[in-house]
1. Just name the residue that is modelled with the highest pLDDT out of those in the stretch 212-240 that are assigned to a helix (DSSP H, G or I) and surrounded by 13 or more Cβ atoms within 10 Å (Cβ to Cβ).
2. Going by the structure shown, is A56 among the aliphatic types (A, V, I, L, M), modelled with pLDDT of 85 or more, at negative phi and surrounded by fewer than 13 Cβ atoms within 10 Å (Cβ to Cβ)?
3. When you scan the stretch 336-347, do you find a residue that is open to solvent by less than 20 Å² (accessible area, probe 1.4 Å) and closer than 17 Å to W307 by Cβ, even just one?
4. If you go through the stretch 59-117 one residue at a time, how many are free of Cβ contacts under 8 Å to residues at least 60 places away in the same chain and charged (D, E, K, R)?
5. From the list L23, L86, which residue is hydrophobic (A, V, I, L, M, F, W, C) and at pLDDT below 70?
6. I need a count of the residues in the stretch 250-282 that are more than 11 Å from S317 (Cα to Cα) and in contact with a Lys or Arg (Cβ under 6 Å, 6 or more places away or on another chain).
7. Which of (1) surrounded by fewer than 18 Cβ atoms within 10 Å (Cβ to Cβ); (2) modelled with pLDDT of 90 or more does R299 not meet, given it meets every other one?
8. Could you please let me know if A282 is part of a helix (DSSP H, G or I), on the phi < 0 side of the Ramachandran plot and touching a Gly at 6+ places or on another chain (Cβ under 8 Å)?
Amino acid sequence: WALVQAATARLMLLLARADARYLRRVRDSRDLLSKDRGGLLDPGALVQRHGPDWLALFRACGVALVYRETVSGVGQLPSEGKLQRLASALSQSQPREGIWCSRNLRDSALADALGQSACCGLLAVPLPIDDGKPGWFLMFRPEQIETRLWAGKPEGPVAMGDGRLQLLPRNSFAAWREEIRGCSEPWSAIEQQAAADLGEDLAVLVFSREIDLLNARLTEANRRLERLAHTDALTSVWNRYHTEKQIDAAINAAERAGKPCTLLLFDVDHFKQVNDRLGHEAGDRVLTTLAREIDQNLRGGDYLGRWGGEEFVVVASGNNLEAGGTLAERLRRHVAETRFCGVERITISVGVATWREGDSRRTLLDRADRAMYRAKHDGRNRVVELDS
């Protein structure tokens, strides 16, 4: 009895040490998986990177991840269609918080979904990422032929004795072998728990990637909304709303620090004739080309906005009236020398006004507008500066 107790204690110690070594290997695999958390790897890339380690860790022949409409895996696996049907059957029959395992798939409730396959064992871990359709982390094991030694073969020999059939004990209880097919190596409790822990880490990684992708899309959507709120849809320069804000900011800087502020208000000469003769699409192309050419010839502190129709505003902070007039003349000449597709020649009339103490946005724009109309009245394709 003492020997039995000692042997039992020794066996329990060896099993505990084996379990501890296995758990360390599982922990190392989870640590490697957690290092990918900031890498934004898609589920397929995660399986390809870590799948070979999982095959060795769980003594599996194949590892697969079925998530939404995508299937990824390594090793010996059923076809993609079978894996999709298998995941669908699991989702319908299994609670989402529980794993499912079998060593004999051919005789299980999932046999119809799997069809003919060389894989006999399955350990399935749900990934509750999508409320509508959970993903599944699947591990397969191949068939393991098991030989069992029996005593007392059921179909043992019989003989006639005393006028009737008799079972011959000596022969009928002789040892015989039976081969068990269609089953895999069983999934141990510690393997099931390790798979559940690994699946939880995998779900966190996939979910984190989903959140990061959603945040990226949200950031891009906000950026587009901001551009739409500030940018003219046709010419891609500032719209009137944002131009007004920039004029107010320039006036505030002039009031606080005495920094000069000059506005250039201009429009396209005879633009209605362009639309009437060539159509509005040609007119749109003229405005787009004009905005691009003007914007490319401004200094770093100058800003261009579309005021409305064919009218544009340049906010030239730091420029007095003379410097603003010089800038306006340079832009006028550049436009007159630019070739516009399908149009013989395009010119602009520019009005220039500089901020004076007591000016508001309205009064400053009013002077620039009067200067522009004087330029048109005086023959167009010219610059007029108005200081009073």
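The values are calculated or read from the model by the stated rules, or taken from the named source; none is laboratory data. Since this is a predicted model, take the numbers as computed values, not measurements. FYI the Cβ positions are ideal-geometry reconstructions off the backbone, even for glycines, and counts take in every protein chain you see. Note: areas computed on protein heavy atoms with side chains; ligands, DNA, RNA excluded. Shrake-Rupley method; radii C 1.70, N 1.55, O 1.52, S 1.80 Å.
1. First, the residues of the stretch 212-240 that are assigned to a helix (DSSP H, G or I): 212-230, 240.
Next, only the ones that are surrounded by 13 or more Cβ atoms within 10 Å (Cβ to Cβ) stay: 212, 230, 240.
Numbers: D212: 77, H230: 87, R240: 93.
The residue in question is R240.
2. Values: among the aliphatic types (A, V, I, L, M): yes; modelled with pLDDT of 85 or more: yes; at negative phi: yes; surrounded by fewer than 13 Cβ atoms within 10 Å (Cβ to Cβ): yes.
Answer is yes for this residue.
3. Scanning the stretch 336-347 turns up no residue that is open to solvent by less than 20 Å² (accessible area, probe 1.4 Å) and closer than 17 Å to W307 by Cβ.
4. Residues meeting the conditions: 7.
5. On the way: L86 fails: at pLDDT below 70.
Testing whether each residue is hydrophobic (A, V, I, L, M, F, W, C) and at pLDDT below 70 leaves just L23.
6. Count: 1.
7. Looking at each condition in turn, R299 falls short on (2).
8. Working: part of a helix (DSSP H, G or I): yes; on the phi < 0 side of the Ramachandran plot: yes; touching a Gly at 6+ places or on another chain (Cβ under 8 Å): yes.
So A282 passes the test.
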